[in-house]
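The values are calculated or read from the model by the stated rules, or taken from the named source; none is laboratory data. Keep in mind that this is a model prediction, so the values were computed, not measured. We place every Cβ from the backbone using ideal geometry, glycine too, and count neighbours over all the protein chains shown. Just the protein is used for accessible areas: all its heavy atoms, side chains included, with ligands, DNA and RNA removed. Shrake-Rupley method; radii C 1.70, N 1.55, O 1.52, S 1.80 Å.
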Amino acid sequence: AAPSGAPASGDIPPSTPILPSIVPSAPRSLIVTSVGNGYVNMSWSAPLILGIPPVTNYRVYRKFSDGFSMYSLVYTTPDSSVTSFNNTGLVNGVTYLYKVHAISAAGESVSSNEVSATPFVPVKPIMR
């Protein structure tokens with residue numbers, strides 16, 4: 001006799017249906033929304049193809065525009081409803097490049113469009 005709870009010989013255990021997994025497409029319309037003293041703000045839109053299972057969060061990557069730097073991860077959103085990032089603590093006068101990837105259990109999307117921004121110290125006009 002089979003042990004308690006084990007299928008009897010000849011019984012086939014029920015199978016779990018295999019669902020397709022589809023990696024999300026790239027996030028859309030990455031734009032710089034503001035730039036200032038040591039910061040760059042950006043936002044993007046959800047991908048056209050959310051994937052199966054759907055997008056869980058986004059990863060923001062940054063590099064210098066020196067032609068030698070590699071992209072590195074600077075931020076992961078807490079969930080898929082967050083589609084913006086405020087990068088602070090940057091060096092004024094340095095140009096940074098950004099791209100965003102969508103993340104799901106199926107994998108990581110290809111890159112969004114790339115944007116660049118150069119933080120700066122605002123100059124106050126001289127009053128005469």
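The table below gives the values:
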item	result
Some residue of segment 69-79 being out of contact with any Gly (no Cβ under 6 Å at 6 or more places or on another chain) and at pLDDT below 95	yes
Selection from segment 52-80 of residues that are among the hydroxyl-bearing types (S, T, Y) and under 18 Å from T33 (Cα atoms)	Y58, Y61, Y75, T77
Number of the condition not met by I18 [criteria: (1) open to solvent by 80 Å² or more (accessible area, probe 1.4 Å); (2) modelled with pLDDT of 95 or more]	(2)
All positions within segment 33-61 that are closer than 14 Å to P119 by Cα and open to solvent by 50 Å² or more (accessible area, probe 1.4 Å)	T33, N37, Y39
Of the criteria (1) open to solvent by 70 Å² or more (accessible area, probe 1.4 Å); (2) touching a residue at least 12 places away in the same chain (Cβ under 8 Å); (3) under 18 Å from V115 (Cα atoms), which one Y75 fails	(1)
Filtered residues of segment 80-93 (kept if open to solvent by 60 Å² or more (accessible area, probe 1.4 Å) and either more than 28 Å from P122 (Cβ to Cβ) or in contact with a helix residue (DSSP H, G or I) (Cβ under 9 Å, 6 or more places away or on another chain) (or both))	S81
Count of segment 94-128 residues which are open to solvent by 70 Å² or more (accessible area, probe 1.4 Å) and over 16 Å from W44 (Cβ atoms)	10
